[in-house]
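Below is one structure, written out as structure tokens; comments come after it.
Read-outs: derived from the displayed coordinates by stated rules, not from any lab. Values in this document were obtained by computation on a predicted structure and should not be read as measured data. Note: ideal-geometry Cβ built from the backbone for every residue, glycine included; neighbour counts use all protein chains shown.
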Amino acid sequence: MPGPGPHLMYAMGSGLCLTSISNGRFSPHHTLFYTINAFFGPDVGSFTEWLGSLFGGSAHAFGSALEDLTHHPLFYILLLGLPLSFLYSRISSYLLHTQLLDSLSRVPLTRMQCFLLISAGSFTHFFLDHLFEENGKTTTYTWILSTGWWQSRAPVNPDAVVVVVFLCACLIGGFFYLNRANASNSIKKKSYQSMLLVMSIACLYCFWCAIQIYWISPRRPAVGEEADLGVLVFLAIYFFLPYGLCIMSMSPKDHDPNLIPL
């Protein structure tokens with residue numbers, strides 16, 4: 001499985017990119033807590049299990065139980081998200097007041113921002129774990145591959161060609177239409193509308209694939225031999241969602257320094 005290096009470098013590198021393109025709204029405080037949770041977060045149970053093994057008995061049993069509960073993208077957030085968000089907000093305040101870590105907004109992270117970063121870090125952690133753990137035979141990775149066609153050479157069904165071409169054409173055509181030069185909408189609104197377009201096409205694409213794989217009997221290849229359903233679902237949950245949460249956690253452009261962190 002990925003060790004400390006890949007988890008830390010992937011998350012911190014992503015955080016630094018967000019800091020650069022956001023002009024500091026994704027501050028070093030954001031990057032720090034996002035990185036900590038992307039690495040150590042869901043693995044806190046593994047550390048506790050190892051620590052409990054040194055003492056044996058009930059301590060080891062407690063560590064094993066905690067490891068089973070927290071090494072999960074959702075359970076980690078549900079069990080530890082709230083208390084850790086309080087802790088990280090206090091740490092952010094301390095780091096800012098002692099000038100150990102800079103922040104463009106000059107205010108500590110709120111508890112909501114910390115909770116979003118904890119959630120993003122958890123999903124980012126499993127982005128690497130699901131791909132590079134258990135010799136590539138994790139449950140998630142196995143399911144992704146199962147949505148492809150491996151029995152023989154995949155037949156090319158005319159209806160699949162029509163549907164896929166239509167959806168891809170709608171995606172490209174819609175993008176051109178929403179971002180045309182003479183449109184009066186702001187760039188932010190254009191980006192928002194384009195994102196809704198991508199999400200809509202992705203849902204329809206996944207719906208088509210799911211029908212071919214799970215509804216029709218006997219099963220048919222959805223898009224040739226490609227495992228598009230698994231790939232799209234995986235990317236949506238473990239790649240795009242964490243970045244979306246990071247973007248939501250960014251500090252506002254005009255931050256009132258008198259606000260109380262909540």
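Summary of computed values
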quantity: Backbone HN-Hα couplings from phi across segment 8-25 [Karplus 6.51/-1.76/1.60, Hz, Gly and Pro as x]; calculated: 5, 5, 5, 5, 5, x, 5, x, 5, 5, 5, 4, 5, 6, 9, 6, x, 5
quantity: Assigned charges on the beta-carbon of Lys, Arg, Asp, Glu; the chain dipole about Cα centre (debye); calculated: 900 debye
quantity: Given the chain, longest segment not containing exposed loop GluC sites (Glu not before Pro) (DSSP; at most 16 other Cβ within 10 Å); calculated: 1-132
quantity: All-pairs Cα distance distribution in segment 152-226, expressed in whole percent, bin size 5 Å; calculated: 3, 15, 20, 19, 13, 10, 8, 6, 4, 1, 0
quantity: The chain, helix-only ellipticity at 222 nm - DSSP H runs n ≥ 4, -39,500 (n - 2.57), divided by all residues, nearest 500; calculated: -21000 deg cm²/dmol
quantity: Pairwise centroid distance, computed over Cα atoms, of segment 5-43 with segment 119-148, Å; calculated: 20 Å
quantity: Per-residue ³J(HN,Hα) for segment 168-176, Karplus 6.51 cos²θ - 1.76 cosθ + 1.60, θ = phi - 60°, Hz, x for Gly and Pro; calculated: 5, 5, 5, 5, 5, x, x, 5, 4
quantity: Order by protection proxy (mean Cβ within 10 Å, highest first), peptides 145-157, 4-16; calculated: 4-16, 145-157
quantity: Order of CYS114, CYS203 - criterion: other Cβ atoms within 10 Å of each residue's Cβ, fewest first; calculated: CYS203, CYS114
quantity: Loop trypsin sites (Lys or Arg not before Pro), segment 49-139, which have at most 12 other Cβ atoms in a 10 Å radius of their Cβ (DSSP); calculated: ARG106, LYS137
quantity: Shape call, the chain: gyration tensor on alpha carbons, a/c limit 1.5; calculated: oblate
quantity: Using θ = phi - 60° and Karplus 6.51 cos²θ - 1.76 cosθ + 1.60, couplings along segment 194-209 (whole Hz; Gly, Pro as x); calculated: 5, 5, 4, 4, 4, 5, 5, 5, 4, 5, 5, 5, 5, 5, 4, 5
quantity: Sorted by Cβ neighbour density within 10 Å, fewest at the top, the residues LEU232, LEU109; calculated: LEU232, LEU109
quantity: The chain: most fluctuating residue of ASP43, ASP129, ASP159 per GNM, C-alpha cutoff 10 Å; calculated: ASP159
quantity: Förster radius 41 Å - calculated FRET efficiency between ASP68 and ASN182 (Cβ-Cβ, nearest 0.05); calculated: 0.10
